[in-house]
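Notes follow once the structure below has been shown.
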Amino acid sequence: SSCGSSCCRCGGPRTGCCYGCHGPHFLLPVRRSACSDAMLRRRVCICLCWAYLTSTAVAGYLKVVNGRCAELEGILPFGGPDQNWTHDLDDDARVWCDSQDFCVGYMRYIGDDPEHCSAWCGRPQFCDEVSLSADEQWASYLREDKVQGHLSQQEEEGVSETDAASEGPEIVLEPATAPQPPAPPQEPLEVVCPWPFSGSLRLFFDEEHAEGERLGFGNSGECRVLHHRRGQPPPQRASVVDGTVGTSFFHGVLSEDADVVPHFTADISAEPWVYSFDGNDFIGETLESSGASLGPKQHFLSVFFVSPDSTCDGQEVGQWTPETAEEVLPGHVFVDDGQIETRRRAFNPYHFSVICGHMEEAGFIPQALVDALGFATHPLVLNSVYKKLHQAFFHLPDALQPYTRIHPLILEKYVKNFYTDPDKNEAMYFKQTFLFLSQDLMRYRYRQLAPQRLEVAACALCQDRARRLLLGEAAAEEQAQNDAAATAPSFEAIALAVCIMSRRSGHLLRATIRETWAQKVLATPSATLRFFVGRGTDDSVEDIEAGDIVELNAPEAYSAVTLKAFSMLDWAHRAFPNLRFLIRSDDDVYLRPGPLFAQLERRAPVAYLWGNFDHGSNPVRDPEHPHYNSFEQFPKRKHPLFGDIFPPYVRGHLWVMSVDLLSHVVDIWRGELLRHSNLSLELASKLPHPDDPALGVALSSLVEEDLVSINIDDRDLNVFALNPSCNATYLNIHRRTWAVHHVDIDTMYCMWRVDAEALEGQSVPDGLAPPAALPDLCPCSMEVVEEKNEKPDEEPFDYPRDRFNE
């Protein structure tokens, strides 16, 4: 009754539900949690006396996640077609069922069939028998007292629990306690690696299994790699002291524990080497994929707990557990149990999902976050988690929303308003843009399943160890032969190759680079630098005698730049047999090699691609434009949100690619060469243009064909300056800039003098790694004219300038 009524004579304060009631027998305390939030909002006073409780008490419910109870036909008192399930509807269904002795529970449609959803997503069906039939499209909520009575009756009739379970779906308490993930296999795995690694490789899944082999150290010719999971004891390592390395049974460790090795990094300073490994899988679908598992979106908010013990803070710390959240948002609360279908139900039908739990509970990046993005659900994450997301992808924080404290009902209202309010359209479009961008990046990284990526990483680690040995042998041989003479290293001794695209007429820019930042490249052991030009009608390249210019067989024309760039990659792949990373640049770039080289020492050469990425560039269809792409060069792409766009690609002024990924790209290129007689302008007119989106198309094909999962590293966006200006709107020069594009000769000399004077004064050590400040290049800033916005009414995109890869 109403709290203002005198019929209840409440014993507690009249601010919601009463804490007890005066009945004909005695005062009975009633838990506040017995009162629904719908009743709280309506200020309803609940009076429950003993006589009432003994007959039709407010029942607890058990949830059947994959089945239907026996339908009470013809009784549909609540909801209707084309409606969504709400907490009010759930409250009404429970209250009504509790008041009817013949009602044993109710059912809710959770399937993804649009027609069925239109009819039943917002209309509960009721049951008059506990007996169940398997149906993955429905969830049943059964009164616990009725289930207990049903089980007691079965026991009296001699039906065992096993027999009862075999008759239908398993009844589980919701939220269910998550089962532990299956233990990793104990037996080491013999891995067959692709060329060029030809040795024997065994992949171990725990250190204990290796104990029996440690005395003999196994086969001396094999490479042994340990897969180290979070929660396992950290692997024992022998430090490097005075150039000597202690012995270790394992040659490498692939660790999922950020306390052992930070996310996306490698540590080769001790034995065994340790590479970071991300064991997530991508189970969702991208927006433009042909899969039918994306959507439809039927509800606004779900609450997802990354473990049974996870909580979300409300007015009190840890207020929201899976159980308390289920009370206020029934049917929309999920606990991760390691099963794909659970995460599908938690994200696929929802526009938003709040993810409860700390990052250390689920690792980084949390699998729940990958899945939410995969199903195009906007995740809301704890603020402490949100602040670390740029360590995965630069724009990942732009796709999410942080929170500190929540109340599920208030949050549901907030996200519904955010999605439906016309005044929020721009903000919602911003979030959607970066959600689908992040979805693509997740798909690139996790396209192959984790076990396959684990083997790929193990092979890459063993190959890199073998490569380092060969590099050391080549360097030692050169030193013995050249008696310390300053000569260029042999091709066999090259681990880092800086490949610069240049024109035949670009001798002045090449000379400037040689006299400035190229000196730092050539002073680095196992690094080299080459300029690449195309073939011309004349026979002269003015500075050909410098010995660092490669003349390619591709035409020297901008319309043939794709031929030239891929020919350059092919040449470098053939020339340097022990290459670890290829660094591609242009001849109008001022580069600070020290920070970049220092960072590459901490990166694993496993399908690695680093640079300044373009995530949504439209192909130019104007035949008069220098970037023109015909529909033969690049067929029209029908992205539902962005229309005709290139797949993600890395801008050509500076990028880094590991040699294993380079091998895949070169294979594609050599396949093209087999189908064409020569490198001509005619061939160029059939390939995507220019070379940076063409590379993006090639990499997209590799991912789509499941040939590779690419570790895209776009986290260093702010180290690029697209213009040599300190006041540019977008990506300007600052104290942590590594590379400046569109630099003329005088500016390049100016920047070199700034860096050389700072290093000479020892204010900045050579090879300084981020995040410390570098010498200020602003005294060399050029006046630039920025391109005007084609849509002047739009606000310029303000990228996060304070976000750096730490």
Check your understanding: Once the other residues with Cβ under 11 Å from the Cβ of residue 724 are scored (Lys, Arg +1; Asp, Glu -1), what is the net sum?
Key -> -4
Review point. How far apart, in nm, are the 7 Å Cα→Cβ label points at residue 749 and residue 297?
Key: 5.7
Study note, to complete from the structure: Sorted on mean Cβ neighbours within 10 Å (highest first), peptides 426-438, 710-722 come out as 710-722, 426-438
Exercise for review: For every other residue with a beta carbon closer than 15 angstrom to the beta carbon of residue 671, add +1 if it is Lys or Arg and -1 if Asp or Glu, then tell me the sum.
Suggested key: -1
Study note, to complete from the structure: Among region 722-755, those whose backbone N falls under 19 Å of a label point 7 Å along Cα→Cβ from residue 426 are 729-730
**Study point:** Charge sum, other residues only, whose C-beta stays under 13 Å from residue 489's C-beta, Lys/Arg counted +1 and Asp/Glu -1
**Key:** -4
Check your understanding: How far, in nm, would the chain grow between residue 514 and residue 758 when pulled straight, counting 0.36 nm per residue and subtracting the alpha carbon separation?
Key -> 85.9 nm
**Study point:** By accessible area with a 1.4 Å probe, ligands and nucleic acids excluded, highest first: order of 388, 636, 520
**Key:** 636, 388, 520
Review point. Can you list the lysines whose alpha carbon sits under 30 Å from that of residue 146, skipping same-chain ones fewer than 8 residues off?
Key: 63
Review point. Relative contact order for region 587-658: what is it in percent, counting Cα pairs under 8 Å that are at least 6 residues apart?
Key: 40
**Study point:** Calculated SAXS-style log₁₀ I(q)/I(0) at q = 0.11, 0.17, 0.18, 0.21 Å⁻¹ - region 508-599, Debye, Cα scatterers
**Key:** -0.34, -0.83, -0.93, -1.24
Exercise for review: Note the full-extension length gain between residue 786 and residue 84 as 0.36 nm times their separation in residues minus their Cα-Cα distance, in nm to one decimal.
Suggested key: 247.8 nm
Review point. Residue 99: accessible area at probe 1.4 Å, nearest 10 Å²?
Key: 60
**Study point:** Kirkwood Rh (inverse of mean 1/r, distinct Cα pairs), region 622-739, angstrom
**Key:** 16.6
Point to revise | Label-to-label distance, nm, for residues given as residue 736 and residue 676 (7 Å Cα→Cβ offset) | key: 4.2
Exercise for review: Just subtract the alpha-carbon distance of residue 545 and residue 480 from 0.36 nm times their residue separation and send over the number in nm, one decimal.
Suggested key: 20.7 nm
Revision key, fill the gap. Residue 628 and residue 641 label points (each 7 Å along its Cα→Cβ direction) are spaced in nm at 3.3
Review point. Considering only Cα-Cα distances, which of the following residue pairs are longer than 26 Å: 387/638; 388/431; 297/638; 387/431; 636/686; 297/424?
Key: 387/638
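The values are calculated or read from the model by the stated rules, or taken from the named source; none is laboratory data. Quick caveat: nothing in here was measured; it's all calculated off a predicted structure. Neighbour counts run over all protein chains shown; Cβ positions are idealised from the backbone, glycine included. Accessible surface areas use protein heavy atoms only, side chains included; no ligands, DNA or RNA. Shrake-Rupley method; radii C 1.70, N 1.55, O 1.52, S 1.80 Å.
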